[in-house]
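The values are calculated or read from the model by the stated rules, or taken from the named source; none is laboratory data. What you are looking at is a predicted structure, and each value in this text was computed from that prediction instead of being measured. As a convention, Cβ positions derive from the backbone with ideal geometry for all residues, glycine included, and neighbour counts pool all protein chains shown. Ligands, DNA and RNA are excluded from the accessible area calculation, which covers all protein heavy atoms including side chains. Shrake-Rupley method; radii C 1.70, N 1.55, O 1.52, S 1.80 Å.
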Amino acid sequence: MAATIHTLGELRQARLHSRPVKQEIRDNLVRKLKAGETLFPGIIGYDETVVPQLVNAILSKHNFILLGLRGQAKSRILRALVDLLDDQVPVVPGCEIHDDPLAPLCSACRARIAREGEDMPIAWWPRAARFVEKLATPDVTIADMLGDIDPIKAAQAGLNLSDELTMHYGLLPRANRGIFAINELPDLAGKIQVGLFNILQEGDVQIKGYPIRLKLDVMMVFTANPEDYTARGKIITPLKDRIGSEIRTHYPATRQNAMAITRQEAWTDRTTAGGLKIEIPDFVREVVEDVAFQARADRKIDKRSGVSQRLPITTLELVVSNAERRALANNEAVVVPRVTDVYAALPSITGKFELEYEGELKGAETVARDLIKSAIGNVFSGMFDGQDSRTVVEWFDLGGTLPLSDVTSAADVVAQTSGVQGLRELAGHLGLKSNAPAPLVAASVDFVLEGLYAQRKIGRSDDRGYSAAPEAAPRRGPRREEPMIDEQFQIPGSKKKYYN
Ligand SMILES: [Zn+2]
């Protein structure tokens, strides 16, 4: 329909009256709900928590705020609102505030319509352009956000300064008839919050002391860190009052949901970039995900700023890259990441959290290494619950060592570990088929060794690789997972007291 409408007269004849933007978004949402469409494709794990609240806020035609920590898909949700706009809306060509040709706000457009009449051409504004986003920072000014008065323009045109023709429009007026998103609202200076409130409430604003009337039609959406938002004095009360709904986002509740998000977001299929075939074992994905879960629960890490879902996403990318590098160096046809590759992803982990004082004393890298180790231990314990690892541990206790590293080829890992009694059998618990390719066998064996190391049943050092657990390991007995068997067992010729 829009394609055939080029003039004001045609638009009037077609009776295409634009609706207020919140009504338009509501109507389109209602249509999608009736049709049973997926509302926020790609947003995972919010179906029963955030999405119902969002739907209610939109049905209520509210301005709303998403309260959540970093990496909880807040910006992504706001951008997804674009899908709820009409494909395009008619505008007066060239108007900075995208005036509706049938109901223009600015006097320039009204003058033009009076001059050109029904023959005035109209333009069509696509929905993607109707979303305006601004990251709030303390240095954002009224001029940036709302606009400024141009005294020279006024003088030249012989206009009064309060005439809106003298106005140089800021971001918000230029978002007229669209969605205006402000990220990190509490970082916005108080007087700008007042300006926003006035626009929302009264449709006018004072600029440099001159009242300017602008009956804008905007859906306002915001994001904020919950603690900043609720802190006294950060948000002016009248603005808070105008925000109809506060919706809390959260990190994925389950490891499965988290893995689904990372699977969707991480760049791991590299065949199109001239890369090799990549097979990521599930246990590697689980460990990567658990690093984030461990970090979110760690008291050395600042809870207030959170641990973004971007941590596991970028970590998995580096894990795959490290495996890719190894496979290329060793001329392997299949890339299979190992859990030891997660240590190579430290550069993507250390920058993704803020440390508490205790964490700062240890240093980001040590904290990150500890997180990886406990993630491996956690995932390993879950998968190998009830499995007997005694034969393998005994091999090390009797003096066996394995000088492996993350650059050791798959064939070498398989060859060097083939003499370790019980190791292949234990790794077979991961569902290894008898014809599994060497890189996958190597990854499984690597996981078992790292798992036993995380459980302190064997030791590992940079120069010697895997060996028996250090003699000085403090009181391993009480920490064991299976305390019922063999409370103590004296190995002849060894000072080691505990093992299982
Ligand atoms: Zn206009």
Could you tell me which GluC sites (Glu not before Pro) in the stretch 17-95 are loop residues by DSSP with no more than 16 other beta carbons within 10 angstrom of their beta carbon? E37, E48
Any idea how far apart A111 and T271 come out in nm if each label point goes 7 Å out from Cα toward Cβ? 6.3 nm
Projecting each Cα onto the charge dipole of the chain (Lys/Arg +1, Asp/Glu -1 at the beta carbon, about the Cα centre), which of W395, A469, H250 comes out farthest on the positive side? H250
Counting sequence-distant residues (5 or more places) and residues on other chains, those with an amide H built under 5 Å from that of R248 are L67
Working out 0.36 nm times the residue gap between D204 and V132, then minus their Cα-Cα distance, what length gain in nm do you get to one decimal? 23.9 nm
Note, ³J(HN,Hα) from phi for the stretch 47-52, Karplus 6.51, -1.76, 1.60, rounded to Hz, x at Gly and Pro: 4, 9, 10, 7, 4, x
Excluding residues fewer than 8 positions from K234 in its own chain, the aspartates and glutamates with Cα under 17 Å of it are D139, E184, D187, E246
Which cross-chain or sequence-distant (5 or more) residues have an amide H under 5 Å from the amide H of E133, H modelled 1.01 Å from N in plane? A181
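At a 1.4 Å probe radius, which order do L105, L172, L135, L39 fall into by accessible area, largest first?
L135, L105, L39, L172
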Pop out the ³J(HN,Hα) list for the stretch 198-213 in order, Karplus 6.51 cos²θ - 1.76 cosθ + 1.60 with θ = phi - 60°, rounded to Hz; leave Gly and Pro as x. 4, 4, 5, 7, 10, x, 9, 8, 9, 10, 6, x, 9, x, 10, 9
Ranked order, V448, V414 - accessible area, probe 1.4 Å, largest first: V414, V448
Dipole magnitude of the chain about its Cα centre, charges +1 at Lys/Arg Cβ and -1 at Asp/Glu Cβ only, in debye to the nearest 20? 620 debye
Only bridges with both residues in the chain count here: give the DSSP antiparallel percent, nearest 5. 50 percent
Reported to the nearest 10 Å², M383 has, with a 1.4 Å probe, an accessible area equal to 60 Å²
Accessible surface ranking that places the most exposed of E425, E332, E96 first, with a 1.4 angstrom probe: E425, E96, E332
So what does log10 I(q)/I(0) come out to for the chain at q = 0.05, 0.07, 0.10, 0.12 Å⁻¹, using the Debye formula with one equal point on every Cα and no solvent? -0.32, -0.55, -0.87, -1.06
Count neighbours as other Cβ atoms within 10 Å of each site's Cβ, and list the trypsin sites (Lys or Arg not before Pro) in the stretch 390-451 that are DSSP loop with at most 13 such neighbours. K433
Looking at this model, which pairs from K300/K457; K74/K134; K300/K362; K303/K373; K300/K352 are more than 18 angstrom apart at the alpha-carbon? K300/K457; K303/K373
The percentage of the accessible area of the chain (probe 1.4 Å, all protein chains present) made up of carbon and sulfur atoms, to the nearest whole number, is 50 percent
Measuring from the longest principal axis of the C-alpha atoms of the chain, the long axis of helix 310-329 (C-alpha) lies at a number of degrees, nearest 10, equal to 50 degrees
Computed about the Cα centre, the charge dipole of the stretch 327-397 from +1 Lys/Arg and -1 Asp/Glu charges at the Cβ has a magnitude in debye, to the nearest 20, of 180 debye
For the stretch 268-321, which trypsin sites (Lys or Arg not before Pro) pass both filters: DSSP loop (anything but H, G, I, E, B) and at most 12 other C-beta atoms within 10 Å? R299, R304
Tilt of helix 438-454 relative to the longest C-alpha principal axis of the chain, in degrees (0 to 90, nearest 10)? 80 degrees
Whole-number accessible area per residue in Å² for the chain, which is evaluated in the context of all protein chains at 1.4 Å: 47 Å²
Between I458 and residues 5 or more places away or on another chain, the pairs with built amide H atoms under 5 Å apart involve Y453
If I stretch the segment between K433 and D83 completely, what's the gain in nm (0.36 nm per residue apart, minus their alpha carbon distance), one decimal? 121.4 nm
In whole angstrom, note down how far apart the Cα centers of the stretch 182-218 and the stretch 34-70 are. 26 Å
